[in-house]
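Heads up: the structure comes next, in structure tokens.
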Amino acid sequence: MDSLVPKKMFFTKGVGRHKEMLGSFELALRDAEIEKYNLVLVSSIYPPGCKVISRRQSLNELRPGQIVFCVMAKNATNEPNRIIAASVGCAIPADKNAYGYLSEHHSFGETEQKAGDYAEDLAASMLASTLGVDFDPDTSYDARKNVWKISGKTVKTINVAQSASGDEKGLWTTVIAAAVFVL
């Protein structure tokens with residue numbers, strides 16, 4: 001079944017506003033350019049040897065109606081001016097034969113930066129726990145390089161995050177962030 005192990009992945013995000021919650025979700029998918037696929041949500045493993053590529057490059061490899069696996073975070077509100085965020089973090093080990101982690105984070109009142117940083121911390125913490133390492137993200141993270149040192153192993157972290165304020169007139173506002181796999 002190696003054919004179901006993704007070789008590529010891309011990050012995307014979007015915002016949608018509509019009078020119906022489902023409509024705002026659809027518009028967020030359109031903003032992220034993934035509305036035309038049958039999305040299947042999967043859990044949080046970054047496959048060994050998977051390569052992060054651009055959204056544009058990835059979309060050229062997918063066809064409308066195709067079943068596409070992804071890790072997605074979403075949040076929605078119809079409360080005027082309420083700040084919502086969704087983010088996906090990723091921790092990729094330097095060892096290409098090892099798997100990494102993806103994490104979803106959904107929050108209220110956070111900026112994209114804060115939500116994204118949190119998702120990265122979460123992914124790195126999950127990876128550290130599989131290595132049996134105590135991990136303190138407040139002392140281990142080098143924000144300048146987006147590189148973690150976990151028990152002597154280098155781990156690259158990435159995130160995608162989207163935040164928005166609830167529509168002033170009370171329309172539903174939905175934010176999504178996703179890591180989308182390409183087989």
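The values are calculated or read from the model by the stated rules, or taken from the named source; none is laboratory data. Please read all numbers here as calculations on a predicted model, not as lab measurements. Note: ideal-geometry Cβ built from the backbone for every residue, glycine included; neighbour counts use all protein chains shown.
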Single unsatisfied condition, Val147 versus (1) at pLDDT 95 or above; (2) over 23 Å from Val180 (Cβ atoms); (3) surrounded by fewer than 16 Cβ atoms within 10 Å (Cβ to Cβ): (1)
Top-ranked residue in the stretch 85-100 [being crowded, with 24+ Cβ neighbours inside 10 Å and farther than 15 Å from Thr130 by Cα; ranked as nearest to the chain's Cα centre (by Cα)]: Val88
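When you scan the stretch 63-82, do you find a residue that is assigned to a strand (DSSP E or B), loosely packed, with under 15 Cβ neighbours inside 10 Å, of a type outside the set (S, T, N, Q) and out of contact with any Phe, Trp or Tyr (no Cβ under 7 Å at 6 or more places or on another chain), even just one? Spell out the reasoning first.
First pass over the stretch 63-82, keeping only residues assigned to a strand (DSSP E or B): 67-77.
After this cut, where a residue has to be loosely packed, with under 15 Cβ neighbours inside 10 Å as well, the list is 67.
Now narrow it down to the ones that are of a type outside the set (S, T, N, Q): 67.
Still in the list and also out of contact with any Phe, Trp or Tyr (no Cβ under 7 Å at 6 or more places or on another chain): 67.
For the stretch 63-82, residues assigned to a strand (DSSP E or B), loosely packed, with under 15 Cβ neighbours inside 10 Å, of a type outside the set (S, T, N, Q) and out of contact with any Phe, Trp or Tyr (no Cβ under 7 Å at 6 or more places or on another chain): present.
This table checks each residue for (1) touching a Pro at 6+ places or on another chain (Cβ under 6 Å); (2) touching a residue at least 60 places away in the same chain (Cβ under 8 Å); (3) under 21 Å from Glu79 (Cα atoms); (4) in a strand (DSSP E or B).
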{"residue": "Phe11", "(1), (2), (3), (4)": "no, yes, no, yes"}
{"residue": "Val15", "(1), (2), (3), (4)": "no, yes, yes, yes"}
{"residue": "Ser43", "(1), (2), (3), (4)": "no, no, no, no"}
{"residue": "Gln57", "(1), (2), (3), (4)": "no, no, no, no"}
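Do we have Leu39 as in contact with a strand residue (DSSP E or B) (Cβ under 7 Å, 6 or more places away or on another chain), closer than 29 Å to Thr130 by Cβ and not in a helix (DSSP H, G or I) here? Please lay out each step first, then the result.
Values: in contact with a strand residue (DSSP E or B) (Cβ under 7 Å, 6 or more places away or on another chain): yes; closer than 29 Å to Thr130 by Cβ: yes; not in a helix (DSSP H, G or I): yes.
Against the criterion (in contact with a strand residue (DSSP E or B) (Cβ under 7 Å, 6 or more places away or on another chain), closer than 29 Å to Thr130 by Cβ and not in a helix (DSSP H, G or I)), Leu39 qualifies.
Based on this model, can you work out whether Ile34 counts as within 19 Å of Ala161 (Cα to Cα) and surrounded by fewer than 18 Cβ atoms within 10 Å (Cβ to Cβ)? Break it down into steps so the answer makes sense when it comes.
On the way: within 19 Å of Ala161 (Cα to Cα): yes; surrounded by fewer than 18 Cβ atoms within 10 Å (Cβ to Cβ): no.
Here the answer is no, as Ile34 does not meet what is asked.
Given Ser103, Ser44, Ser54, which one is surrounded by fewer than 16 Cβ atoms within 10 Å (Cβ to Cβ) and not β-branched (Val, Ile, Thr)? Can you show your working first?
Numbers: Ser103 fails: surrounded by fewer than 16 Cβ atoms within 10 Å (Cβ to Cβ); Ser44 fails: surrounded by fewer than 16 Cβ atoms within 10 Å (Cβ to Cβ).
Matching residue, one of Ser103, Ser44, Ser54: Ser54.
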Checking Pro137 against (1) under 18 Å from the mean Cα position of the chain (by Cα); (2) at pLDDT below 70; (3) farther than 30 Å from Leu62 by Cβ, the condition it does not meet: (1)
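Pick from Ala178, Ala98: which is assigned to a loop (DSSP other than H, G, I, E, B), at pLDDT 90 or above, on the phi < 0 side of the Ramachandran plot and of a type outside the set (Val, Ile, Thr)?
Details: Ala178 fails: assigned to a loop (DSSP other than H, G, I, E, B).
None of the other options fit; the residue is Ala98.
Can you tell which of Leu59, Leu4 is hydrophobic (A, V, I, L, M, F, W, C), farther than 16 Å from Ala161 by Cα and within 18 Å of the chain's Cα centre (by Cα)? I'd like the intermediate steps shown before the answer.
Numbers: Leu4 fails: within 18 Å of the chain's Cα centre (by Cα).
Of Leu59, Leu4, the one residue that is hydrophobic (A, V, I, L, M, F, W, C), farther than 16 Å from Ala161 by Cα and within 18 Å of the chain's Cα centre (by Cα) is Leu59.
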